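Q: There's a structure below that I have some questions on.
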Amino acid sequence: MRKKLISLILVIIFVSCASEDTVDTSAPQEIDTTTTSTTSTTSTTSTTSTTIPESTVFAVDEYGIELIEMKPQMKEQFDALIAFVEKRTGLTYTEYPKYELYTSNGYQEYNEVSFLDNFEEDYEEGEWERAVLSENMWGLTTASPEGMKNLLVEYQRCASSGSYNLVDKVLRVPVKKNQQKFNLWEQSVLVHELTHSLQGQVIDLAGWYDEMKQKDDFSDYAGRRSIMEAQADLVQARWESGLDQYDRTTMNSQQPNFSCRVQLPSYFYIPNELYYSFGPQLVKQINTQGGMEAINEALYQLPTAEQIYEPEKYFSDEQYENVSLEDLIVSDYSLVKEGTIGALDIPYILQDTIGRVASVKAAIGLGGGAWKDYVNSSDQLMMSLKMTGDSDTDLDEIYNAYLAWANAQTRFTSVESFAGGDLFIGETNVWISSDGTYVRMVLTQDLEIFNQISTQISSF
């Protein structure tokens, strides 16, 4: 309900729809045994193992990682792919797309070191620790802040076949070394990323990202990202439709094996379901109604995640309600962060426990919501949430989804009635209540807090 870990790191990286979330645990590399979750001990320095003497390489990037030269025949293919993307979208590049080509190892290494290079500036002092603590309190993970950081590094390494960077406007794709032409797989990925590059020129995505970063509010990200990925998927699919069966088989055989070296939490991939599954379903309907021109218009919109999950809400332009959340007054606790709740937050928290169908159904009924984070002098965290539904039935679905999530977890040692709701007690204590108008929740590590807020808790 705050800076979701995966959504944030993907503000920069667009994962090609052709990539596979393969997990390889048969031969994991170094494992950090200091936490209860499986983590990689990837170095946090910017040194690179792929850097080789400059005399033997075409060029290196800002991190000293080898770049592959685009040969003349590759350039011809690249220009043809640019023309294809322009024709299929009906849009025109305002400048020649910027690109960097890597070896497979070099591309993975770039994803790692660029993420680590920007890590410190992405979070204020103590914010990363609180973000991970909130994941712990929601029961998503038991990883430490360092362990979670290592898991995200590994996710960056293994989760994409190509990327486009919103900030520097460069598309990056791994290719085989010492070849004169792009193979079919590489061309397919390039079509996807070239579509993002075109989107970035038409929409000024760099300015949009900078505005979100300045506000420290990425609530508009998921909806637009879904439209962007769906359009790139569509253009990519149309390029692949020109291949015969033999070429398709060849293309699939050329896919690099970007397998993860350690087991990654499954909830990492829940935002991708919105981008690559629900987004294309919506864009298919947009395309049916108005063709590619309507999809181009949709790029300018900022749909909610709820509108992506349920196309009817997109076409009716249903927006979230503004939910007012009063401060809770607790001794030694101060407010450090607040924000709004969107539909993606609900599956992100609940899906691994109650399943995709139930969590998405609850998300589609979200009327609006808000959250606040408080911290005390011992860096303990307290979270308050307040949600409304689109209807009484929708509110009940949200309430029952969170109750099912809590009841299914063995980490709670007991449950008791408190202030008109249910208080689940454990290392994290979670109070859930519904008064027929709002669902309210409080999460805290300190059970004593509930005595202090007993008169506030049913009306904040």
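Q: May I ask you to say which residue of THR437, THR410 is under 22 Å from ASP352 (Cβ atoms) and of a type in the set (Ser, Thr, Tyr)? Lay out the reasoning, then the answer.
A: Numbers: THR437 fails: under 22 Å from ASP352 (Cβ atoms).
One residue alone meets the criteria, THR410.
Q: Right, another one. Restrict the check to the range 92-105 and report whether at least one residue is in a loop (DSSP other than H, G, I, E, B), closer than 21 Å to HIS196 by Cβ and of a type in the set (D, E, K, R).
A: Yes, that holds for at least one residue.
Q: If you don't mind, there's one more thing I want to ask. So, of the residues in the range 160-173 that are open to solvent by 10 Å² or more (accessible area, probe 1.4 Å) and of a type outside the set (D, E, K, R), which turns out to be nearest to SER259 (Cα to Cα)?
A: ASN165
Q: Restricting attention to the range 415-438, and to residues there that are in contact with a Gly (Cβ under 8 Å, 6 or more places away or on another chain) and in a strand (DSSP E or B), which single residue is farthest from SER331 (Cα to Cα)?
A: Within the range 415-438, the match that is farthest from SER331 (Cα to Cα) is SER434.
Q: Go through (1) exposed (fewer than 15 other Cβ atoms within 10 Å of the Cβ); (2) at negative phi; (3) not in a loop (DSSP other than H, G, I, E, B) for TYR300 and report which single condition fails.
A: Looking at each condition in turn, TYR300 falls short on (3).
Q: Within the range 357-364, can one find any residue that is within 22 Å of ASP327 (Cα to Cα) and surrounded by fewer than 21 Cβ atoms within 10 Å (Cβ to Cβ)?
A: No: zero hits.
Q: I'm trying to understand the selection: among the residues of the range 304-350, which are among the β-branched types (Val, Ile, Thr), touching a strand residue (DSSP E or B) at 6+ places or on another chain (Cβ under 7 Å) and farther than 18 Å from GLY389 by Cβ?
A: VAL330, VAL336
Q: The conditions are (1) among the aliphatic types (A, V, I, L, M); (2) open to solvent by 30 Å² or more (accessible area, probe 1.4 Å); (3) under 22 Å from the mean Cα position of the chain (by Cα), and ALA237 fails exactly one of them. Which is it?
A: (3)
The rows are residues; the columns are (1) over 21 Å from LEU234 (Cα atoms); (2) among the acidic types (Asp, Glu); (3) out of contact with any strand residue (DSSP E or B) (no Cβ under 8 Å at 6 or more places or on another chain).
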site: GLU86; (1), (2), (3): no, yes, yes
site: GLU112; (1), (2), (3): yes, yes, yes
site: ASN150; (1), (2), (3): yes, no, no
site: GLU154; (1), (2), (3): yes, yes, no
site: VAL175; (1), (2), (3): yes, no, no
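Q: With the requirement that a residue be of a type in the set (A, V, I, L, M, F, W, C) and either over 23 Å from the mean Cα position of the chain (by Cα) or open to solvent by 20 Å² or more (accessible area, probe 1.4 Å) (or both), what does the range 305-332 give you? Explain how you work it out, then say what you get.
A: Step one: of the range 305-332, the residues of a type in the set (A, V, I, L, M, F, W, C) are 305, 308, 315, 323, 325, 328-330.
Of everything in the range 305-332, those that are of a type in the set (A, V, I, L, M, F, W, C) and either over 23 Å from the mean Cα position of the chain (by Cα) or open to solvent by 20 Å² or more (accessible area, probe 1.4 Å) (or both) turn out to be PHE315, VAL323, LEU325, LEU328, ILE329, VAL330.
Q: In addition: Restricting attention to the range 380-417, report how many residues are touching a Leu at 6+ places or on another chain (Cβ under 8 Å) and not hydrophobic (A, V, I, L, M, F, W, C).
A: Within the range 380-417, residues that are touching a Leu at 6+ places or on another chain (Cβ under 8 Å) and not hydrophobic (A, V, I, L, M, F, W, C) number 9.
Q: Look through ASP352, ASP327 and report the one residue that is in a loop (DSSP other than H, G, I, E, B) and either over 20 Å from ASP396 (Cβ atoms) or modelled with pLDDT of 95 or more (or both).
A: None of the other options fit; the residue is ASP327.
Q: Moving on. Within the range 427-440, is there a residue that is more than 21 Å from LYS372 (Cα to Cα) and either surrounded by fewer than 20 Cβ atoms within 10 Å (Cβ to Cβ) or touching a helix residue (DSSP H, G or I) at 6+ places or on another chain (Cβ under 6 Å) (or both)?
A: yes
Q: Among the residues of the range 93-132, count how many are without any contact (Cβ under 8 Å) to a residue 40 or more places away in the chain and more than 19 Å from the chain's Cα centre (by Cα).
A: The qualifying residues number 3.
Q: Now, a different point. Could you run through the range 137-159 and say how many residues are under 23 Å from GLY355 (Cα atoms) and either open to solvent by 10 Å² or more (accessible area, probe 1.4 Å) or among the basic types (Lys, Arg) (or both)?
A: 4
Q: Okay, moving on. I need a count of the residues in the range 113-135 that are open to solvent by 30 Å² or more (accessible area, probe 1.4 Å) and part of a helix (DSSP H, G or I).
A: Going through the range 113-135 one residue at a time, the tally reaches 8.
Q: While we're here: If I go through the range 376-413 residue by residue, how many of them are in contact (Cβ under 8 Å) with a residue 40 or more places away in the chain, open to solvent by 20 Å² or more (accessible area, probe 1.4 Å) and either among the hydrophobic types (A, V, I, L, M, F, W, C) or part of a strand (DSSP E or B) (or both)?
A: Residues that pass the stated criteria total 2.
Q: Still on this model: Which one is modelled with the highest pLDDT among residues in the range 213-227 that are open to solvent by 10 Å² or more (accessible area, probe 1.4 Å) and of a type outside the set (D, E, K, R)?
A: That would be ALA222.
Q: Which numbered condition in (1) at positive phi; (2) touching a residue at least 24 places away in the same chain (Cβ under 8 Å) is the only one that ASP204 fails?
A: With (1) at positive phi; (2) touching a residue at least 24 places away in the same chain (Cβ under 8 Å) applied to ASP204, the lone miss is (2).
Q: Determine whether GLU76 is at pLDDT 95 or above, surrounded by 19 or more Cβ atoms within 10 Å (Cβ to Cβ) and not in a loop (DSSP other than H, G, I, E, B).
A: no
Q: Something else: Condition first: surrounded by fewer than 22 Cβ atoms within 10 Å (Cβ to Cβ) and assigned to a helix (DSSP H, G or I). Now tell me which residues in the range 176-198 satisfy that.
A: The answer is LEU184, TRP185.
Q: Just give me the residues in the range 441-454 being open to solvent by 40 Å² or more (accessible area, probe 1.4 Å) and either within 13 Å of TYR333 (Cβ to Cβ) or modelled with pLDDT under 95 (or both), in sequence order.
A: Matches in the range 441-454: GLN445, ASP446, GLU448, ASN451, GLN452, SER454.
The values are calculated or read from the model by the stated rules, or taken from the named source; none is laboratory data. Quick caveat, the model's predicted, so the values are computed rather than measured. Cβ sites come from the backbone with ideal geometry, for glycine too, and all protein chains shown count toward neighbours. For the accessible areas, the whole protein counts, side chains as well, though only heavy atoms, and no ligand, DNA or RNA atoms are used. Shrake-Rupley method; radii C 1.70, N 1.55, O 1.52, S 1.80 Å.
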